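Shown next, in structure tokens, is the structure this report addresses.
The values are calculated or read from the model by the stated rules, or taken from the named source; none is laboratory data. Small disclaimer: the values here were computed from a predicted structure and weren't measured. Cβ: placed from backbone, ideal geometry, glycine included. Neighbour counts: every protein chain shown. What goes into the accessible areas is simple: the full protein's heavy atoms, side chains included, and nothing from ligands, DNA or RNA. Shrake-Rupley method; radii C 1.70, N 1.55, O 1.52, S 1.80 Å.
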Amino acid sequence: MNEKKERIILDVAYQPQVRTDVNTQRIMLDVLIALLPAACVAVYQFGSHALLVMATSVASAVFFEWGYRRLTKKTASIDDLSAVVTGLLLALTMPANCPAWIPVVGTFFAIVVVKQLYGGIGKNFINPALAGRAFLLASYSTALSGSYLVPRSLKSAVDTVTMATPLSVLYGDGSMPAIYSIKSMFLGNMPGALGEISTLALLIGGVYLLCRKVITWHIPASFLGTVFLLSLIFGGGGNLGKGEYAVYALLSGGLMLASVFMATDYATSPVTLRGQLLYGFGCGVLTVLIRKFGSYPEGVTYAILIMNLCAWAIDKGFHRHQFGVTREDIEAQKAAQKAAKEAAK
């Protein structure tokens, strides 16, 4: 008797086992779709060179993953689209006027050193795209943190080719020029890295991921909320009041991009809800501390990488109990293990 067989993917990460149609390729495709609004704004504002930077970064990431897996005679993994996501995320942290070879170096470090040498997707302990950016920032800081191209929408208002970003002004003298209004920054009319200029585009992508249940609200909300509250308490200066300062702190730099697309990375963030809230809080605190007291105005990259290293400890502190197992059972198991160790001595 012929029976119709249903294709089922078994997720055995935690008990009890559940049936789900979700796989890595679908998740990565959703992330790519969510990044499209920010990528389109970047191409509109900075032209063909922005597209070149993104295409070079994605192509090199895929090539390095394919080449490494082939050299080591491992199963090909480029069809899961994770390398495409890493390449695009890294490109979106780059300025539009960076040399095209810069993201190639970054993707090699991200894919080969951070991801593949530790076993591939899901086994890396820090976010590959952010690690690639940190490596580039340490090696080629001038190319990544110098003056940024004036976006298309501001060329009629300023008589220059490059200009300082709102973030550098905010953590400089704090005297924000009128051209950097909250509305213009929200829509994407400001200089900056390719993926950080339009808060609206990033929010559209974030809402899409929430609706698709790719991410939850816990990490982005606690991350952004912590930055806002600390900036409200300790901020202000120049021609900005504390409230305006806190809003500018949210809209400037890579905070929105990182909180939605990078801090929520499955492999490098906690899995428990309370752990995610603590993780987001830690990212926010470190971001404000680095921005306020560091020599480099943007602290998001290093804040998330530091919290990536703490994710295992956070999960251990907020670990899930086994389904159907009481606290007394756990204590009895621990006592038995302790007794076995003493007997072995």
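Heavy-atom surface analysis with a 1.4 Å probe gives the chain a carbon and sulfur content of 63 percent of its accessible area. Based on the Stokes-Einstein relation at 20 °C and a viscosity of 1.002 mPa s, and on the Kirkwood radius from alpha carbon pairs, the chain is assigned a translational diffusion coefficient of 100 µm²/s.
Kindly state, to the nearest 0.05, the FRET efficiency for residue 210 paired with residue 335, given R0 = 30 Å and r defined as their beta-carbon distance. After rounding to 0.05, the efficiency reads 0.10.
Evaluated with a Cβ-only charge set (Lys, Arg +1; Asp, Glu -1), the chain carries a dipole of roughly 640 debye about its Cα centre, given to the nearest 20. Rolling a 1.4 angstrom probe over the protein heavy atoms with all chains in place gives the range 186-345 an accessible area of 49 Å² per residue. The orientation-averaged shadow of the Cα convex hull for the range 242-290, equal to a quarter of the hull surface, comes to 3.8 nm². Here the range 181-230 is treated as a sphere whose radius is the Kirkwood value from Cα pairs; by Stokes-Einstein at 10 °C and 1.306 mPa s it diffuses with a coefficient of 131 µm²/s. Calculated translational diffusion coefficient of the range 59-157 (37 °C, 0.692 mPa s; Stokes-Einstein with Kirkwood radius over alpha-carbon pairs) equals 232 µm²/s. Which entries in 73/115; 123/338; 123/316 show an alpha-carbon gap greater than 21 Å? Beyond 21 Å: 123/338.
Over the range 64-177, with the other protein chains present, what is the accessible area per residue in square angstrom, probe 1.4 angstrom?
That works out to 43 Å² for each residue.
Helix 82-92 and the long axis of the chain differ in direction by around 20°, with both axes built from C-alpha atoms.
With the simple spin-label model, which puts each label point 7 Å out from Cα in the Cβ direction, the residue 70 to residue 217 separation comes to 4.7 nm.
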